[in-house]
């Protein structure tokens with residue numbers, strides 16, 4: 001229902017989510033998988049280099065509170 005470039009961003013995020021979190025390791029159960037998601041999202045937003053941001057994490061795009 002959205003513009004193609006918005007869907008593309010979502011599809012790319014979903015692909016990254018699958019390869020770097022969901023299928024990277026075997027989880028013993030769904031609660032363990034869910035618990036690992038918060039850690040991965042923190043890594044994705046604060047540490048992981050993004051090519052669209054010239055190698056910086058998304059957190060670098062936010063303004064620091066003053």
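To keep it simple, each residue is scored yes or no on (1) loosely packed, with under 11 Cβ neighbours inside 10 Å; (2) in contact with a strand residue (DSSP E or B) (Cβ under 6 Å, 6 or more places away or on another chain); (3) in a helix (DSSP H, G or I).
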{"site": "20", "(1), (2), (3)": "no, no, yes"}
{"site": "25", "(1), (2), (3)": "yes, no, no"}
{"site": "28", "(1), (2), (3)": "yes, no, no"}
{"site": "41", "(1), (2), (3)": "no, no, yes"}
{"site": "44", "(1), (2), (3)": "no, no, yes"}
{"site": "48", "(1), (2), (3)": "no, no, no"}
{"site": "52", "(1), (2), (3)": "yes, no, yes"}
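The residue pairs whose first member lies in the range 25-40 and is closer than 18 Å to residue 14 by Cβ, whose second member is loosely packed, with under 10 Cβ neighbours inside 10 Å, and whose beta carbons are closer than 7 Å, counting only pairs six or more residues apart or on different chains, do not exist in this structure.
The set of residues from the range 54-66 being in contact with a helix residue (DSSP H, G or I) (Cβ under 7 Å, 6 or more places away or on another chain) and not in a loop (DSSP other than H, G, I, E, B) comprises 58, 59, 60, 61.
The numbers here are math on the coordinates, done by the rules we state, and not lab data. These numbers were taken from a predicted model, which means no experiment stands behind them. Don't worry about glycine lacking a Cβ; one is built from the backbone with ideal geometry, like all the others, and counts go over all protein chains shown.
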